[in-house]
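Q: I am attaching a structure below and will ask some questions about it afterwards.
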Amino acid sequence: MKVLRLRLFQETACYKKPLAFKVGETYPLPPYATVKGWAHALLGADRFIPMRISVQGCYEAKMMDYQTHYLFKKRDVDEFPLVLDGLGHKTYSYQNMTKMPLYIHLLYRVKLLMHIGAEEDVLQRLQERIEHAEEHFSLGRWEDLARVDECRLTEVRQLEDEKMLPMNAYVPRRLVTHKRHVPYLLNWKYDIHNGVRRWEKIPVGYVLAGLSLTPGQALVDDADDPVIFHDQ
């Protein structure tokens, strides 16, 4: 089976948890929905394209960034500039906006190894869009720039012998036998009900490098790196 193998580097990144309002907490690795959304945007998809994703990676440190966030009090407001320098003497009303300080968690010097499994023509189109992109890549927030160091198709096969996990990874919860893991319910895809997104969740364990993988828990690619797809 062919999959797309990607190596990415990010100087800083925040994969913000959806219910973190007081502090901008980040997942330790990009969740599946973030990677899926990035791939769908590159493909220009207007509907869900079936795919499976494996995410592994590491970072050197976690930092805190102190930011000012501007919030709108209602959905529909007129356009106006936040900064008036050089815009003359016109006055604007800011009564529909408020602001608050917010700590944002940032991961520093992130290295990612990702595999995407899908129909081969989808993978070929995705590879072509990445190799001939005319804009920078972002993974996470718009300002979380990403550099693609490797992008190629590779064959994967079943893991036959016990193997050490070289990087931290998301592993499907049913395959996690080690007690030392952090459980997450990661967003995957959504349906819209009454104007609200209802997410399908994937249970995983975040495990650190050094975990011993056994046959049946993973695939391996042609570089002998493990590939751990999610279940759905």
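Q: When a/c reaches 1.5 or more, the comparison of a/b and b/c decides; with that in mind, is segment 1-117 rounded, prolate or oblate per its Cα gyration tensor?
A: prolate
Q: Can you work out ³J(HN,Hα) from phi for every residue in segment 121-138, in order, using Karplus 6.51 cos²θ - 1.76 cosθ + 1.60 and θ = phi - 60°, giving whole Hz and x for Gly and Pro?
A: 3J(HN,Hα) across segment 121-138, in whole Hz: 5, 5, 5, 5, 5, 5, 4, 5, 5, 6, 5, 10, 5, 9, 10, 5, 9, 10.
Q: I've got another one for you. Extension gain Tyr94-Ala45, at 0.36 nm per residue separation less the Cα-Cα distance, in nm?
A: Value of the extension gain: 13.9 nm.
Q: So who's got an amide H within less than 5 Å of the one on Met97, skipping anything under 5 residues away but keeping other chains? H placed 1.01 Å off N, in plane.
A: Amide H to amide H, under 5 Å and 5 or more residues apart or across chains, Met97 pairs with Lys73.
Q: Can I ask one more? When the Karplus curve 6.51 cos²θ - 1.76 cosθ + 1.60 is applied with θ = phi - 60°, which whole-Hz ³J(HN,Hα) does each residue of segment 39-51 get, with x for Gly and Pro?
A: 5, 5, 5, 5, 7, x, 6, 10, 8, 5, 9, x, 7
Q: A follow-up question, please. In this model, which of Lys163/Lys189; Lys22/Lys62; Lys22/Lys163; Lys36/Lys73; Lys22/Lys201; Lys111/Lys179 are farther than 29 Å apart at the alpha-carbon?
A: Table pairs above 29 Å Cα-Cα are Lys163/Lys189; Lys22/Lys163; Lys36/Lys73.
Q: May I ask you to give the solvent-accessible area per residue for segment 11-127, in square angstrom, as obtained with a 1.4 angstrom probe?
A: With the other protein chains kept in place, segment 11-127 gives 61 Å² per residue.
Q: For segment 166-232, with all protein chains present and a 1.4 Å probe, just round the carbon and sulfur fraction of the accessible area to a whole percent.
A: Here it works out to 51 percent.
Q: Enumerate the amide H contacts of Phe137 below 5 Å, restricted to partners 5 or more residues apart or on another chain; note that Pro and chain-start residues carry no placed amide H.
A: Answer set, sorted by chain and number: Ala146.
Q: For every helix of n ≥ 4 consecutive DSSP H residues, a contribution of -39,500 (n - 2.57) applies; sum these over the chain, divide by its total residues, and give [θ] at 222 nm rounded to the nearest 500 deg cm²/dmol.
A: The per-residue figure over the chain is -3000 deg cm²/dmol.
Q: Given a cut-off of under 8 Å on Cα pairs at least six residues apart, what relative contact order in percent is computed for segment 52-143?
A: Contact order relative to length: 46 percent.
Q: Quick one: which residues, 5 or more positions from Lys189 or on another chain, have an amide H under 5 Å from its amide H? H modelled 1.01 Å from N in the peptide plane, none for Pro or chain starts.
A: Glu200
Q: Any chance you could check the Cα centroid distance between segment 188-212 and segment 126-183 for me, in angstrom?
A: Segment 188-212 and segment 126-183 have Cα centres spaced 15 Å from each other.
Q: Quick one: which of 223-229, 99-105, 80-86, 52-58 comes out on top by average Cβ neighbours within 10 Å, and what's the full order, highest first?
A: 52-58, 223-229, 99-105, 80-86
Q: Tell me, what HN-Hα J-couplings in whole Hz come from the Karplus equation 6.51 cos²θ - 1.76 cosθ + 1.60 at θ = phi - 60° for each residue of segment 107-115, using x for Gly and Pro?
A: Along segment 107-115, the couplings run 8, 10, 6, 8, 10, 10, 10, 10, 10 Hz.
Q: What is the chain's relative contact order, in percent, from Cα pairs under 8 angstrom and six or more apart in sequence?
A: 29
Q: Hey, got a sec? Which trypsin sites (Lys or Arg not before Pro) in segment 20-49 land in a DSSP loop and have at most 16 other Cβ atoms within 10 Å?
A: Of the trypsin sites (Lys or Arg not before Pro), the ones in loops of segment 20-49 whose Cβ has at most 16 other Cβ atoms within 10 Å are Lys22, Arg47.
Q: Taking the Cα centre of segment 87-139 as origin, work out the dipole magnitude from +1 charges on Lys and Arg Cβ and -1 charges on Asp and Glu Cβ, in debye rounded to 20.
A: Roughly 640 debye for segment 87-139.
Q: With a ≥ b ≥ c taken as the square roots of the eigenvalues of the C-alpha gyration tensor of segment 120-232, please select rounded if a/c is under 1.5 and otherwise prolate if a/b is larger than b/c or oblate if it is not?
A: Oblate is the answer for segment 120-232, as a/c is 1.5 or above yet b/c matches or exceeds a/b.
The values are calculated or read from the model by the stated rules, or taken from the named source; none is laboratory data. Source: prediction; values computed, not measured. Note that we place each Cβ from the backbone using ideal geometry, even for glycine, and neighbour counts take in every protein chain shown. Note: areas computed on protein heavy atoms with side chains; ligands, DNA, RNA excluded. Shrake-Rupley method; radii C 1.70, N 1.55, O 1.52, S 1.80 Å.
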